[in-house]
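Following: one structure in structure tokens, then a few remarks.
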Amino acid sequence: MEKGDGMKRIFAGVITAFLCMVAIAQDADVSTRKGDQAVKASETVQADTTKPGLALCFAPGTSDEVVQQAYANAAEEDLGFFRLGTRWSTTSLNGGGLGLGDPTIITWSIVPDGTMIQGFAGEPAAPSNLTAWLNTVYPGGPSEWMPIFDAIFANWSTFGGLTYVFEPSDDGAVFPDSPGQAGVRGDVRISAHFIDGNSNILAYNFFPDTGDMVIDSADNFYNNTSQNSLGMRNVLSHEHGHGMGFSHVCPVQQTKLMEPFVSFAFDGPQHDDLLAVNRGYGDPNEHNDTFGDATSIGELTEAGFVYDGTLSIDDTSDQDFYEFTISSQHLVTLNATPIGFEYLEGPQVGGNCTPGTLFNSEDNIDLAIEILDSDGTTVLESADNTGPAGSETITEADLPAGTYFIRVFPAAGNEVQLYGFDLSLVEVAIPCLYFDLITAWNNPNGVSCLGANLTIQDIIQAVIDGQVSWPSP
Ligand SMILES: [Ca+2]
Ligand SMILES: [Ca+2]
Ligand SMILES: [Ca+2]
Ligand SMILES: [Ca+2]
Ligand SMILES: [Zn+2]
């Protein structure tokens, strides 16, 4: 592990990772972590098949027997690449009818201490003590630990079409079967109680449309608050990945948040996780499928423009519109590039990570691009000159001052493709004609040429500087 030295000191060389597992058919997901050494036998975890889908996370030293037993209780299904299962179909602020690629608002709340949490992982039923517990781990109280949850959700929303809203109310309704309701409780409700103490289970999480989380408040794993509580953030961010419908991705290479072994080598969602959240919920600008809903990138300057956020075409019907303005005539070059690379990707089967097969995330969709006029429909320039994995470029579109639209869309393919785009500009120097001199001579406000408003003095200086061409009258 990259950060292994610090972790080994803290955990006496025991902890290197978390092992999580998925059980879709029984709606159980079990997560464990285990040490460098052979692990000891421990108690068996029995999935509760009468409850909505849940994910369990185990702590250091969890035995293979525990893991295998949990897997033996669970059937699996092939979820395809990025292991996206069922995403949210209904949330309290969106209502129902949500489907693949739809941007989604998820509210979250903290279950009040005292709310009964059943033993979904075989532990005794016990009331939530999340607030009292975290107030001991973080002496500053909620003002110290709430930002950790904020950071986890804000991070996910940076990468996909998710908006998180903290719901300050939670009425302590039956857990986890009470759907989110504005002003009453969140869609995602977060609780904690004794699960099994130090080691073994760390937390578990229900799949959508439940999404609720239970943390083992008796586990000293969470006492490690180093690196801005990286351990807690990566575990709970991973758990919420299950809460969005993502299952585990193999093999373990410490490159993906949803790997069975959660890593300290990174902070939050990684490339494969971005594919999952974009496929499931679209990119952060969705819906921008019409010019009326175009994402504004404002007035372009000579410096050009590089889009620095996460963008994707998330299926065959997605198209992304962007709006820009230029204040004078420019030659505008637009370049769009698919983002991805080849890596091993596969499911977790029967408690074991599969070696995976080579998967190229760069050629999922064949991109095409257009520049449209201010009406949003007249195509001024277009490019679809390459196939999957190829960049598309519109070179030096000659555009007068005005408002324009960019459309990025799939020429072929029905998957998710991350991409980026950039614009570069060259101002068009309009030659000063002979009659401009006369106009300028007679007009103290000057005339428009050379891409600017020039007075007679400016023009004379431009002639001296050799910047003026003189077309035949
Ligand atoms: Ca535990
Ligand atoms: Ca998109
Ligand atoms: Ca779109
Ligand atoms: Ca193309
Ligand atoms: Zn997991």
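The values are calculated or read from the model by the stated rules, or taken from the named source; none is laboratory data. Remember, it's a predicted structure, so these values are computed and weren't measured experimentally. Quick reminder, even Gly has a Cβ in these numbers, built from the backbone with ideal geometry, and neighbours come from all protein chains shown.
Going by the conditions given, is Thr377 over 23 Å from Phe159 (Cβ atoms) and in contact with a helix residue (DSSP H, G or I) (Cβ under 9 Å, 6 or more places away or on another chain)?
Values: over 23 Å from Phe159 (Cβ atoms): yes; in contact with a helix residue (DSSP H, G or I) (Cβ under 9 Å, 6 or more places away or on another chain): yes.
Criteria met by Thr377.
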Filter the range 297-314 for residues that are surrounded by fewer than 19 Cβ atoms within 10 Å (Cβ to Cβ) and in a loop (DSSP other than H, G, I, E, B); the one that is nearest to the chain's Cα centre (by Cα) is Gly309
Output for the range 182-210, where each listed residue is outside any strand (DSSP E or B), under 26 Å from the mean Cα position of the chain (by Cα) and over 27 Å from Ala265 (Cβ atoms): Ala182, Gly186, Asp187, Pro208, Asp209, Thr210
Looking only at the range 340-373, and only at residues there that are under 18 Å from Gln319 (Cα atoms) and either in a loop (DSSP other than H, G, I, E, B) or among the charged types (D, E, K, R) (or both), the one that is nearest to ligand 4 (Cβ to nearest atom): Asp366
Suppose the filter is among the polar types (S, T, N, Q), under 19 Å from His242 (Cβ atoms) and either away from ligand 1 (no atom under 16 Å from the Cβ) or in contact with a Ser or Thr (Cβ under 6 Å, 6 or more places away or on another chain) (or both); does Asn200 pass it? yes
Given the structure, is Pro52 crowded, with 16+ Cβ neighbours inside 10 Å, within 29 Å of the chain's Cα centre (by Cα) and at pLDDT below 55? yes
Just to be sure, is Tyr281 within 12 Å of ligand 2 (Cβ to nearest atom), touching a Pro at 6+ places or on another chain (Cβ under 8 Å) and closer than 19 Å to Gly101 by Cβ? yes
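Each row is one residue, and each column tells you yes or no for (1) modelled with pLDDT of 95 or more; (2) in contact with a Phe, Trp or Tyr (Cβ under 8 Å, 6 or more places away or on another chain).
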site	(1), (2)
Asp273	yes, yes
Ala276	yes, yes
Asn285	yes, no
Ser296	yes, yes
Glu299	yes, yes
Asp308	no, no
Leu311	yes, yes
Phe321	yes, yes
Ile326	yes, yes
What do you reckon, is Leu372 farther than 18 Å from Phe246 by Cβ, crowded, with 19+ Cβ neighbours inside 10 Å and of a type in the set (A, V, I, L, M)? yes
